[in-house]
Amino acid sequence: MHPYLEAISPYLLPGLISLILTIVLVRLALWIFPKVGLMDRPHLYGLTRKPIPYSGGLILFLSLIICVILFMDFNKHLIGVMIAAGMLVFMNFWDDRHGLNPFFRLLIQILAALTVVMAGIGITSITNPLGGTFQLDSYQIPITINNTIYNCTLLADIFTIFWIVALINTTNWLDGVPGLVSGISAIGSIVLFFLSIRPDFHYFDQTAVATLAIIITGISLGFWFFDFSPPKILMGDTGSMLLGFLLAILAIFSGGKIATAFLIMGFPILDFAWVIGRRIWQGVSPFKGDRLHFHHRLLGIGFGERQVALTIYIFSAIFGGIALFLGSFHKLLAILIMVGIMGMITFFIRSPQKQNPK
């Protein structure tokens, strides 16, 4: 048997169960959500279509919880991840229904990331593309709590929190086209899954990472069947931020695959950075929405929602796929190529600026 096929076989069941469970739960949600008022409000955004079941992120979270209980062993790392995920889901569900101050939402995101750090998950080093590594945990601050000494690795912790918060908001802002977040999450998690089970590649046991990755693939793909344009259900911030958080965790959980995740999420991450930088440069609040995101620009030149989603899927799949076989230096080259491609596309695309809730 091929080494990859042999490595995949233990994960077929959790992947299949997570997929089927999500499909079944979404079917139930399509029946239940309208009865309990969990519907979007298109009139608030000037849309004339009928309301669609909303806050589908609750289904993603429920599927995640069930599959994690069924297929994973709980330890302090996983408990920290699930607590942080629950914080984000509760906060965004409340925000979807009642609205919260953007700064308060950012605070909860930081607290969720801090929860993960306190659970012992973090980015302790970054591979130098020219050789060696940059150690982020070399500077430590001892903190005593109940006669127990904890070493706070300040630089590593700050970088980890920044990475998690950035990915959370990247996927949230990506949720401007139906199926985009669920599709990119499915692509990203399956690529990280294959990297985790790559034979003779890891020094540490990657079973937990691979299991979590295939579960996220299953729930993302299961939701995508209903989320792709025209959508039958919307995940809302409850789902988009949850999936962004989970992708961020996969990239650092027992392996540190930051460059790979950057290649998968490259276009959305670069768009996130460009939008933040442009808003600050123009003296506008970073939280003030507009229609200058990359996917809005594609829509502005006549692309349909499906075409936009498929275009970004293709770039993510190509760069994520080649990341499986590249070393650190070549990943850096791939990232530079991606920056160049997106820069050229952005330069030639022009779309009128309009206000948008995202």
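The values are calculated or read from the model by the stated rules, or taken from the named source; none is laboratory data. All values derive from a computational prediction rather than experimental measurement. Glycine also receives a Cβ, built like all others from the backbone with ideal geometry; neighbour counts cover every protein chain displayed.
Some values worked out for this structure:
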read-out	value
Residues located in the stretch 144-169, provided they are of a type in the set (A, V, I, L, M), under 30 Å from residue 242 (Cβ atoms) and at pLDDT below 75	145
Any hit, the stretch 292-304, residues being of a type outside the set (A, V, I, L, M, F, W, C), surrounded by 14 or more Cβ atoms within 10 Å (Cβ to Cβ), at pLDDT below 70 and not in a loop (DSSP other than H, G, I, E, B)	yes
Checking residue 229 against (1) assigned to a helix (DSSP H, G or I); (2) modelled with pLDDT of 75 or more, the condition it does not meet	(1)
Matching entry among 62, 47, 78 (being modelled with pLDDT under 95 and more than 22 Å from residue 121 (Cα to Cα))	47
Neighbours by Cβ (under 8 Å, 6+ apart or cross-chain): first from the stretch 174-197, touching a residue at least 40 places away in the same chain (Cβ under 8 Å) and within 20 Å of residue 16 (Cα to Cα); second among the aliphatic types (A, V, I, L, M) and in a loop (DSSP other than H, G, I, E, B)	182/235; 184/265; 188/265; 191/324; 194/324; 195/324
All helices (runs of 4 or more DSSP H) inside the stretch 1-104 with 3 or more residues being without any contact (Cβ under 8 Å) to a residue 24 or more places away in the chain	12-36, 76-98
Which numbered condition residue 86 misses (of (1) of a type outside the set (D, E, K, R); (2) in contact with a Leu (Cβ under 9 Å, 6 or more places away or on another chain); (3) modelled with pLDDT of 95 or more; (4) under 21 Å from residue 121 (Cβ atoms))	(2)
Set 34, 42: member being of a type outside the set (S, T, N, Q), touching a strand residue (DSSP E or B) at 6+ places or on another chain (Cβ under 8 Å) and over 24 Å from residue 218 (Cα atoms)	34
